[in-house]
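The values are calculated or read from the model by the stated rules, or taken from the named source; none is laboratory data. As the structure is a computational prediction, the values presented were derived from the model and not from experiment. So basically every Cβ, Gly included, is an ideal-geometry build from the backbone, and we count neighbours across all protein chains shown.
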Amino acid sequence: MTPGATVLLAAPGWAPALGHPFFQHALLAGTAIAAAAGLVGYFLVLRAQVFTGDALSHVAFTGALAALALGASLRIGLYAGTIAFALLLGVLGRRGRADDVVIGNVFSWILGLGAFFLTLYTTSRSAGNGNAGVGVLFGSIFGLSSGQALAAALVGAGICAAVLFVARPLLFASVDEAVAAARGVPVRVLGFGFLALVGACAAEATQAVGSLLILGLLAAPAGAAHRMTARPYRALALSAALAVAEMWAGLGMSYAVPRMPPSFGILAAATAVYAATFLRDPPGRRRTAAAAG
Amino acid sequence: MITLLQLADAATGWSWNPAEDLRQMWAFPFMVNAFRAGTIVAVTAGVMGWFMVLRRQSFAGHTLATVGFPGASGAVLVGVSATYGYFAFCVAAALVIAAVPRGGRDGGVQESALTGTIQAFLLACGFLFTALYKGLLGGTTSLLFGSFLGITTTQVWVLLAVAVVVLGALAAIGRPLLFASVDPDVAAARGVPVQLLSTAFLVLLGAAAAGTSQITGTLLVFALLVMPAATAQSLTARPGLGLALSAAVAVAVTWLGLTVAYFTPYPIGFWVTTFAFGCHVLARLGAFAAGRLQARSAAPLTAGGAA
């Protein structure tokens, strides 16, 4: 079906991989995370808010490190940090959308705070794991326990359900905000709700691919889906399907080549699929060209 | 590097005599080099950042800034100087981002998805390079969050050369670039090569980001690009004054950050971003208060004008 899927089938020795508990956990959590990221990413790209996703993913790092430095649970820090920042972005901008300069200013300071917490954590708890920062930044999906994997799967399913629940009005509000507002769609509330969902998705995906690489899962499958079809629901489904296929392909590749970190495998598959869509003319461009001509 | 830091910590603490503290700090050659390099990159970042903020290209700027990380780690993996890696990756990413066809309403959507994908993929490459190169794990943090220790005199010269080239090129295209940034449609109609200028600007931005990465770390370059520029633009709309103000703010926060980072155990990236963010918030509050004051005194006039 997709290049990702063929790589998965061709990867040597992926069938016995399913016998390992760590691989099963990674597959369970990864599938849910990828589906959530694909769905959220579609709207993120449609609303041209990819930079917001980028900012939220960096905030996830600070949230996690703050929680570690203060001795709280990493996951509480992740969710609290990203959702709070998402709502802050909604407040800062009009109509629940912030200017990218404002986003840039706030998140680069928060990232600086992350560096502070990293130093605090590695110096004050020298007995702790000195590479915690690297783990949060780049993820460690093969290190998930069964409980963590189950929690990740449940949260991922919850995010998917929430996105699908608001998909119709959100689509309307994203494509034509003014008309949607005139027709009584609660545009502002939807904007806030969507930002909170992006925040939750970023926190969720941090555990799998790390806070620096979530952006790939959010942007690449959605970007590819936008290039492949102009029909919204088909693109939404395609985005989620591509994300899941790329996640599987990445996990399979990194199992087959142990030196390759799983985060790299996933991102490499996602980028390859996205690059492949550039080989054919997108439907949107042809239409725009026809309209312009 | 760690031992140098501990040495510095042991040798100096904050005393009640600022002149003596400064003298002691500049007794270390690496601190003198750090101040030189910091000044150079701050001026470059302040000026380039002003155009970046004006053109609303924060996302592209952030991506160019972060791709320095795979560049540096890749260069270390193959055994060449990290400086080459920074410049090669940042300029290459700038060309790829500039190459995407845009236009129409679809253009922005595609551009942001492409930019995001490039950023994430290159960061993943950086992670792969560090994973392949065992023993860099301590260095990963300093590549990402910056370290002002161990800047050599050669590096300072390289940074100076790059800054001169970037600022010289910017001065050459500055006027048409300003025109194209403020009103691309009118500029295109007047025969200004908007697309070419946009590509040239991204390449210059990539070079500036690569230089800055070596001081602040790849994750925090963006702070030095966006914050002083946003501060300057909330205070003045005049280009010349704004550019000067942006560079001045960048230099001030870098010097302050270097000094405070020297006397405390916390990283320079944290201090530079915090001071820059403080400047920005103060400027915004000041501009807001001035606007309110002006609005109150000129209220009858504006009401008349609107009606």
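Going through the range B:274-301 one residue at a time, which ones are modelled with pLDDT of 90 or more and of a type in the set (S, T, N, Q)?
B:274
Would you tally the residues in the range A:220-253 being modelled with pLDDT of 85 or more and within 11 Å of another protein chain (Cβ to nearest Cβ)?
Of the residues in that region, 10 qualify.
Could you run through the range A:204-243 and say how many residues are of a type in the set (D, E, K, R) and without any contact (Cβ under 8 Å) to a residue 24 or more places away in the chain?
Adding up the residues that qualify gives 2.
Among the listed residues B:150, B:107, B:135, identify the single one that is more than 8 Å from every other protein chain (Cβ to nearest Cβ) and either over 27 Å from residue A:135 (Cβ atoms) or modelled with pLDDT of 85 or more (or both).
Numbers: B:150 fails: either over 27 Å from residue A:135 (Cβ atoms) or modelled with pLDDT of 85 or more (or both); B:135 fails: either over 27 Å from residue A:135 (Cβ atoms) or modelled with pLDDT of 85 or more (or both).
Matching residue, one of B:150, B:107, B:135: B:107.
What single numbered condition from (1) part of a helix (DSSP H, G or I); (2) closer than 25 Å to residue A:117 by Cβ fails to hold for residue B:170?
(2)
Output the residues belonging to the range A:203-219 that are of a type in the set (Gly, Ala, Ser) and modelled with pLDDT under 90. Full working, then the answer.
Taking the range A:203-219 and keeping what is of a type in the set (Gly, Ala, Ser), we get A:203, A:205, A:208, A:210-211, A:216, A:219.
A:203, A:205, A:208, A:210, A:211, A:216 - these are the residues of the range A:203-219 that are of a type in the set (Gly, Ala, Ser) and modelled with pLDDT under 90.
With the structure loaded, tell me whether residue B:221 is at pLDDT 90 or above and of a type in the set (Val, Ile, Thr) or whether it fails that test. Even if it seems obvious, please write down each step before you answer.
Working: at pLDDT 90 or above: no; of a type in the set (Val, Ile, Thr): yes.
In short, no.
Return yes or no: is residue A:270 at pLDDT 85 or above, assigned to a helix (DSSP H, G or I), within 23 Å of residue A:160 (Cβ to Cβ) and within 10 Å of chain B (Cβ to nearest Cβ)?
Criteria met by residue A:270.
Counting only residues that are more than 17 Å from the chain's Cα centre (by Cα) and not in a helix (DSSP H, G or I), which one in the range A:130-175 is modelled with the lowest pLDDT? Don't jump to the end; show me each part of the working.
The first filter runs over the range A:130-175 and keeps only residues more than 17 Å from the chain's Cα centre (by Cα), leaving A:130-134, A:142-148, A:150, A:165-175.
From what's left, not in a helix (DSSP H, G or I): A:130-131, A:144-145.
Working: A:130: 56, A:131: 63, A:144: 81, A:145: 82.
Step by step, filter the range A:130-175, then rank; the result is A:130.
Away from chain B (no Cβ under 14 Å) and over 20 Å from residue A:242 (Cβ atoms) - does that describe any residue in the range A:202-219?
Yes, the range A:202-219 has at least one match.
Grab the helices (runs of 4 or more DSSP H) fully contained in the range B:196-307, keeping just those with 2 or more residues being basic (Lys, Arg).
B:268-297
If I ask for residues that are closer than 22 Å to residue B:223 by Cα and part of a helix (DSSP H, G or I), which ones from the range B:142-157 would you list?
Listed by number, the residues that qualify are B:142, B:143, B:144, B:145, B:155, B:156.
Residue under question is residue B:45, and the condition is that it be more than 20 Å from the chain's Cα centre (by Cα) and small (Gly, Ala, Ser); does it hold?
Against the criterion (more than 20 Å from the chain's Cα centre (by Cα) and small (Gly, Ala, Ser)), residue B:45 does not qualify.
Just the residues that are within 24 Å of residue B:40 (Cβ to Cβ) and in contact with a helix residue (DSSP H, G or I) (Cβ under 9 Å, 6 or more places away or on another chain), please, taken from the range B:165-198.
B:165, B:166, B:167, B:169, B:170, B:173, B:174, B:177, B:178
Mind listing just one residue for me: the one in the range A:255-271 that is touching a residue at least 60 places away in the same chain (Cβ under 8 Å) and of a type in the set (Ser, Thr, Tyr) and, of those, nearest to residue A:31 (Cα to Cα)?
A:263
Just one of B:53, B:47, B:67 is of a type in the set (Val, Ile, Thr), under 24 Å from residue B:198 (Cβ atoms) and in contact with a Ser or Thr (Cβ under 7 Å, 6 or more places away or on another chain); which is it?
B:47
Mind checking which pairs have a first residue in the range A:105-123 that is more than 7 Å from chain B (Cβ to nearest Cβ) and a second that is of a type in the set (Phe, Trp, Tyr), Cβ under 6 Å, 6 or more apart or different chains?
A:114/A:61
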